[in-house]
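Please treat every number below as a calculation from the coordinates, not as lab data. All of these numbers come straight from a predicted model, not from anything done at the bench. Here the Cβ is made from the backbone with ideal geometry for all residues, glycine too, and neighbour counts use every protein chain on show.
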């Protein structure tokens, strides 16, 4: 489906974009892949990686600017929405800015995609959007709801929207692994009971590809991924260093959740993922959206502490050794 198509990724100079772009170029050979972001220096640095590859284009712009989005989306078939204000403490202390990007930016993109006749849009979400305890999570939950509603908002237009949701991206900029690697002395641990979901960027890209192929519109795709205790992550990163308990930061959860019991009545299970179907318009009963999915129990919760799948310290250490040259750099 993506072969010879035109694709745009918002926030494309971030960690996800640095993995999505080369993987998509290699697998699908799109005719045009546009990186839309507001940081000219990051675009300049990223452009050097692709030399004279005329499939890759760079477009300076901000999702807060609807007119600029409309210009960038001209002739685009598929959109991956990765732009967001993501750091939890940053969002807590700069709430207006977080809302402008994560909520108003989502609204702008939905409108612009419909107006420009984009075929399919997949928005990246987060485990923090399920029963949110911080502003970042609340804005991403709002964004998820907006993209789901965009399918009815588009009317007779063929533009369709879906969402993918996953947890802590291993080794990405600002995440816990490069943070622990940067520490010279004791590793700061917020709470010894804390757990997190773990996913690689490559797995995140695979989930987006699947969503683009599978979506009818309004689905939230949740990847089945392992959990780890924060203390085990610290042991995997730096087993020789001591751990210092500092307490949970503002807006931080003890355990992350990707599917709450409120969503369980609308959730179906597949071999490698779950799918939360939209409750509006009875889409949760739509055979096209359900496919071969199996309904989960009504009391089902998918959280990082009750996850049946766990990553071992040895597995994470092996991954770190194999990816050390790029951890925290993209």
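Could you tell me how many cubic angstrom of Cα convex hull volume segment 217-280 has per residue?
Enclosed volume per residue, from the Cα hull, is 131 Å³.
Only Cα pairs under 8 Å and at least 6 apart count here; give the relative contact order of the chain as a rounded whole percent.
So the answer I get is 16 percent.
Per 0.36 nm of contour for each residue apart, how much would the distance between residue 254 and residue 55 grow if the chain were fully extended, relative to their Cα-Cα spacing?
67.3 nm
If you take the Cα Rg of segment 177-330 and divide it by 2.2 N^0.38 Å, with N the number of residues, what do you get?
Rg over 2.2 N^0.38 Å, computed on Cα atoms: 1.21.
Return the Cα extents of segment 43-90 along principal axes one, two and three, sorted largest first, each rounded to a whole Å.
In descending order, the Cα extents are 39, 25, 17 Å.
Stretch residue 145-residue 104 to full length: gain in nm at 0.36 nm per residue minus the Cα-Cα span?
13.5 nm is the gain from fully extending residue 145 to residue 104.
Take residue 3 and residue 65, extend 7 Å from each Cα along the Cα→Cβ direction, and tell me the distance between the two endpoints in nm.
Placing both labels 7 Å along Cα→Cβ, they lie 3.7 nm apart.
Would you please give the FRET efficiency between residue 292 and residue 185, computed as 1/(1 + (r/R0)^6) with r the Cβ-Cβ distance and R0 = 56 Å, to the nearest 0.05?
Step by step, r from the Cβ atoms, then E = 0.60.
If you find the alpha carbon centre of segment 141-190 and of segment 90-132, how far apart are they in angstrom?
Answer, in whole Å: 10.
Return P(r) of segment 1-132 (all Cα-Cα pairs; 10 Å bins starting at 0; whole %; ordered from short to long distances).
12, 44, 33, 10, 0
Rg and Dmax of segment 6-64, using alpha carbons, in Å: what are they?
Over segment 6-64's Cα set, Rg and Dmax evaluate to 10.4, 31 Å.
Multiply the residue gap between residue 29 and residue 314 by 0.36 nm, knock off their C-alpha separation, and tell me the result in nm, one decimal place.
Length gained, residue 29 through residue 314: 99.0 nm.
Quickly estimate the mean residue ellipticity at 222 nm for the chain, helices only: each DSSP H run with n ≥ 4 gives -39500 (n - 2.57), and the total goes over all residues, rounded to 500.
-10000 deg cm²/dmol
I want to verify a result. In a Gaussian network model of the chain, Cα cutoff 10 Å, which of these has the top mean-square fluctuation: 147, 16, 261?
Result for the chain, Cα springs under 10 Å: 261 fluctuates most.
Looking at segment 87-202, I'd like the Rg to Rh ratio, where Rg is from alpha-carbon atoms and Rh is Kirkwood's inverse mean 1/r.
Rg/Rh: 1.06.
Label-point separation (nm) for residue 322 and residue 243, each offset 7 Å from Cα along Cα-to-Cβ?
2.5 nm
Size of segment 87-129 along its principal axes in angstrom, Cα-based, largest extent first?
That works out to 37, 21, 11 Å along the principal axes.
Rounded to the nearest whole Å³, what is the per residue volume of the convex hull around the Cα atoms of segment 154-258?
So the per-residue hull volume is 119 Å³.
Roughly what % antiparallel, to the nearest 5, for the DSSP beta bridges in the chain?
Taking every DSSP beta bridge within the chain, about 30 percent pair in antiparallel fashion.
Specify the residue with the greatest mean-square fluctuation among 106, 82, 238, computed from a Gaussian network of the chain linking alpha-carbon atoms under 10 Å apart.
Ranking 106, 82, 238 by mean-square fluctuation puts 238 first.
Quote the FRET efficiency, to the nearest 0.05, computed for residue 271 versus residue 156 with a Förster distance R0 of 30 Å and r equal to the Cβ-Cβ distance.
That gives a FRET efficiency of 0.30.
Using all Cα-Cα distances in segment 120-166, what percent lands in each 10 angstrom bin from 0 up to the longest?
Per 10 Å bin, starting at zero, the Cα-Cα P(r) for segment 120-166 comes out as 30, 47, 20, 3 percent.
Distance between Cα centroids, segment 277-330 to segment 225-251: provide it in whole Å.
Using only Cα atoms to place each centre, the spacing works out to 21 Å.
For segment 67-152, state the average projected area of the convex hull of the C-alpha atoms over all orientations, rounded to one decimal in nm².
Dividing the Cα hull surface by four gives the mean projection, 5.4 nm².
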